[in-house]
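To start, the structure under review is shown below, and the notes come after it.
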Amino acid sequence: MAAPAQMSPLRWAIQLTQMLDKVMGDDRYPVDVEQLILEYSQQVWPDDPVLGIESRPIRGFEGALVPLRDDRRGWLVISNSEATPGRRRFTVAHEVGHYLLHRHRIPLHGIYCKEEDVSHRAGKDIEKEADEFAAALLMPSHDLRRQIDPKAKPTLLELGALAERYGVSLTAAVLRWLEHTERRSVMVVSTEGYALWARSSGLAYRTGRYIKTSGRPYEIPPASGAAQPHLADECRVGIKHAAGVWFDEDVEEHTVHATAFDKVISLLHMGDGMARWQVPDEEQETDVVDRFEALKRIR
């Protein structure tokens, strides 16, 4: 098998997704990233493959891609053994992204990725590219849209089922869904009454519905379900707020109090709204199959 030319993160994910679809069919989730890259790299780069994948405690890091130079040239992928299985799967896919996209550019000692590089989908440069690859490989657009209609208003329970299908964390599944939904929705991750970070769907952002977590701390509204753990059962089903709680309009809030991780995950749904500005076309991802077909036509 000939080695492919340099490709973008999305094109790499598309190529591997098409290959898995053809060989294994639709009933192939969650993606076995470890077997995939071990076999694929041996076939395409037999002189520079991924030789091993290990899970071990890594203080201060979620994952790493490390070069091996002793007996045979190759690479070792490491994930944090203290993370959940879903987090580890995404981390391995993230490091595989580094292998495919960046291994000729990373330092001699390898690359070590912190939690914010992997879990928030907000990294910069090569970390952002590795995240884009991992999300598109593990949660392909065409399958995600078959599971949840882009116009649907899912609960966190339904998005949890999506996370189970793909073998990823709830956070990763919600982030991926936000990239595809046609609704105005916002996810907020908080702890001890303050937002750690937040992410808006494209339409929500264009209508001014976003939460800034850089600079001054954002305090979770006292009347929200996120600020009231005793409403945990109601929050899982969804509670409705009048204007003035989260935003100056009605909001439906779905919240999970993840006490084991000392974090609160909130998903906010809003009604229809008029966009105030447009996101540049290059920042909007089209369906994975549509994009792949367009690329073939360009060639």
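Only residues that are in contact (Cβ under 8 Å) with a residue 24 or more places away in the chain and not β-branched (Val, Ile, Thr): list them for the stretch 163-177, please. Don't jump to the end; show me each part of the working.
Initially, the stretch 163-177 is screened for residues in contact (Cβ under 8 Å) with a residue 24 or more places away in the chain, giving 163, 165-177.
Listed by number, the residues that qualify are Ala163, Arg165, Tyr166, Gly167, Ser169, Leu170, Ala172, Ala173, Leu175, Arg176, Trp177.
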- Query: Which condition number in (1) farther than 23 Å from Ala163 by Cβ; (2) in contact with a strand residue (DSSP E or B) (Cβ under 9 Å, 6 or more places away or on another chain); (3) at pLDDT 95 or above is the one that Ser79 fails?
  - Reply: (1)
- Item | Positions within the stretch 211-237 being part of a loop (DSSP other than H, G, I, E, B) and either in contact with an Asp or Glu (Cβ under 8 Å, 6 or more places away or on another chain) or among the aromatic types (Phe, Trp, Tyr) (or both), in sequence order | Tyr218, Ser224
- When you go through (1) more than 18 Å from Val31 (Cβ to Cβ); (2) out of contact with any Leu (no Cβ under 9 Å at 6 or more places or on another chain) one by one for Arg145, which number turns out not to apply? (1)
- Item | For Tyr166: the one exception among (1) under 15 Å from Ser266 (Cα atoms); (2) buried (at least 20 other Cβ atoms within 10 Å of the Cβ) | (1)
- What number of residues within the stretch 141-191 are in contact with a helix residue (DSSP H, G or I) (Cβ under 8 Å, 6 or more places away or on another chain) and among the basic types (Lys, Arg)? 4
- Considering residues of the stretch 238-257 that are part of a strand (DSSP E or B) and free of Cβ contacts under 8 Å to residues at least 60 places away in the same chain only, the residue surrounded by the most Cβ atoms within 10 Å (Cβ to Cβ): Val251
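Out of the residues in the stretch 143-156 that are in contact with a His (Cβ under 7 Å, 6 or more places away or on another chain) and assigned to a loop (DSSP other than H, G, I, E, B), which is nearest to Ser185 (Cα to Cα)?
It comes out as Lys153.
Could you check the stretch 29-44 and list, in sequence order, the residues that are of a type in the set (A, V, I, L, M, F, W, C) and in contact with a Lys or Arg (Cβ under 9 Å, 6 or more places away or on another chain)? Before the answer, list the steps.
Looking only at the stretch 29-44, we keep the residues that are of a type in the set (A, V, I, L, M, F, W, C), and these are 31, 33, 36-38, 44.
Listed by number, the residues that qualify are Val31, Val33.
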- Which pairs have Cβ atoms under 8 Å, sit 6 or more apart or on different chains, and link a residue in the stretch 100-111 that is closer than 15 Å to Met7 by Cα to one that is among the charged types (D, E, K, R) and at pLDDT 90 or above? Leu101/Glu129; His102/Glu129; Arg103/Asp48
- Selection from the stretch 8-50 of residues among the hydroxyl-bearing types (Ser, Thr, Tyr) and under 20 Å from the mean Cα position of the chain (by Cα) yields Ser8, Thr17, Tyr29
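Look at Ser41 and say whether it is polar (S, T, N, Q) and part of a strand (DSSP E or B). Write out each step before concluding.
Details: polar (S, T, N, Q): yes; part of a strand (DSSP E or B): no.
When the stated conditions are applied, Ser41 does not pass them.
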- Those residues of the stretch 171-203 that are in a strand (DSSP E or B) and out of contact with any His (no Cβ under 6 Å at 6 or more places or on another chain) come to a total of 13
- Query: Got a sec? Which of Gly160, Gly167 is at pLDDT 95 or above, under 18 Å from the mean Cα position of the chain (by Cα), on the phi > 0 side of the Ramachandran plot and assigned by TED's automatic domain parsing to the domain that holds Met187?
  - Reply: Gly167
- Within the stretch 35-54, can one find any residue that is surrounded by 20 or more Cβ atoms within 10 Å (Cβ to Cβ), in contact (Cβ under 8 Å) with a residue 60 or more places away in the chain and on the phi < 0 side of the Ramachandran plot? yes
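The values are calculated or read from the model by the stated rules, or taken from the named source; none is laboratory data. A quick note: this is a predicted structure, and the numbers were derived from the prediction, not measured. Cβ: placed from backbone, ideal geometry, glycine included. Neighbour counts: every protein chain shown.
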